[in-house]
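Chemist: Dropping the structure in here first, questions after.
Laboratory data are not the source of any read-out in this text; all were calculated from the coordinates shown. Treat the numbers as computed from the prediction; the structure is a model and nothing was measured. Cβ placement follows ideal geometry from the backbone for every residue including glycine, while neighbour counts extend to all protein chains displayed.
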Amino acid sequence: MYKIIGADGQEYGPVSADQLRQWLTEGRADGQTRVQAVGTTEWKPLSAVPELATLSAPPVGIPSPTPNFSPAPKIPNYLVQSILATLFCCLPFGIVAIVYAAQVNSKVQGGDIAGAEVSSRKAKRWCWISLWSWLAVGVIYLIIMGVIMLMGAAGAASVAGSR
């Protein structure tokens, strides 16, 4: 088993020698790719690993392809906003937002970018629903309290006027 450093500078692995061989044939790794055998601390070029050295040499006359590791896209997960919406706004809607927010990173790591984007949008939507529902309840509460105060003032005025 080996760990490698991709062209994006990120560490990948552990992966098996068979997986590395496949990456070599796909052009995702080459002889210059830095590898570390699991259990060791030394990073060295893949061409210096005896088990893989013969595979890492490109055929004569064919240029070595550059590794094709693309970094995972940055998809916002809205976890902080979801937690704040749960604590300060509307608990049920905030919990739904947390559930969707928690799915984003695991879907990105699993390679499901489309699913991560959908979960991100849903987490954002539920954060907004939580905020707007809290505001609506607050406005309704203020209206009810205003009506009660006006009724109380009117009642007090009628009692004072009847004396």
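Chemist: For the chain, what Kirkwood radius comes out of the mean inverse Cα-Cα distance, in Å?
Modeler: Values: mean 1/r = 0.0483 Å⁻¹.
About 20.7 Å for the chain.
Chemist: What residues have an amide H closer than 5 Å to that of Val15, excluding those fewer than 5 places away on the same chain, when H is modeled at 1.01 Å from N in the peptide plane?
Modeler: Residues meeting the amide H criterion: Tyr2, Lys3.
Chemist: Related question: Excluding Cys89 itself, calculate the net charge of residues whose Cβ lies under 15 Å from the Cβ of Cys89, where each Lys or Arg counts +1 and each Asp or Glu counts -1. Intermediate results must be reported in sequence, preceding the final value.
Modeler: Numbers: positive: Lys124, Arg125; negative: none.
Taking every Cβ under 15 Å from that of Cys89, the sum is +2.
Chemist: Would you work out if the stretch 2-56 is rounded, prolate or oblate? Take a ≥ b ≥ c from the square roots of the eigenvalues of the alpha-carbon gyration tensor; rounded if a/c is under 1.5, else prolate when a/b is larger than b/c, oblate otherwise. Could the numbers behind the result be given before it?
Modeler: Numbers: a/c = 1.40, a/b = 1.14, b/c = 1.22.
Rounded is the answer for the stretch 2-56, as its axis ratio a/c remains below 1.5.
Chemist: Which of Ala116, Ala97, Ala29 ends up with the largest GNM mean-square fluctuation for the chain, with Cα atoms connected below 10 Å?
Modeler: With Cα springs under 10 Å in the chain, the top fluctuation among Ala116, Ala97, Ala29 is at Ala29.
Chemist: Still on this structure, I have one more. From the C-alpha gyration tensor of the stretch 83-163, pull out the three semi-axes of the equivalent ellipsoid (sqrt of 5λ each), sorted largest to smallest, in whole Å. Before the final figure, lay out each step's value.
Modeler: Values: eigenvalues 470, 14, 5 Å².
Each semi-axis is the square root of five times an eigenvalue, giving 48, 8, 5 Å.
Chemist: Note the count of lysine pairs whose C-alpha atoms are less than 17 angstrom apart in the chain, limited to pairs 8 or more residues apart or on different chains. Don't jump to the answer; show the numbers that get you there.
Modeler: Details: Lys3/Lys44; Lys74/Lys107; Lys74/Lys122; Lys74/Lys124; Lys107/Lys122; Lys107/Lys124.
Lysine pair count for the chain: 6.
Chemist: For an R0 of 30 angstrom, estimate the FRET efficiency from the Cβ-Cβ distance between Met149 and Trp128 and round to the nearest 0.05. Write down the numbers at each step before the final one.
Modeler: Values: r = 31 Å, r/R0 = 1.05.
Efficiency, rounded to the nearest 0.05: 0.45.
Chemist: Between helix 79-88 and the chain, what is the angle of the helix's C-alpha long axis to the longest principal axis, kept within 0 to 90° and rounded to the nearest 10?
Modeler: Between the helix axis and the principal axis of the chain, the angle is about 20 degrees.
Chemist: Where nothing but the Cβ of Lys and Arg (+1) and of Asp and Glu (-1) is charged, how large is the charge dipole of the chain around its Cα centre, in debye to the nearest 20?
Modeler: Working: 12 positive and 9 negative charges, 156 e Å.
Charge dipole of the chain: 740 debye, to the nearest 20.
Chemist: What residues of the stretch 89-106 lie in the reach of a label at Val118, counting those whose backbone N is under 19 Å from a point 7 Å from the Cα along Cα→Cβ?
Modeler: Taking a point 7 Å out along Cα→Cβ of Val118, the residues of the stretch 89-106 whose backbone N falls under 19 Å are 96-106.
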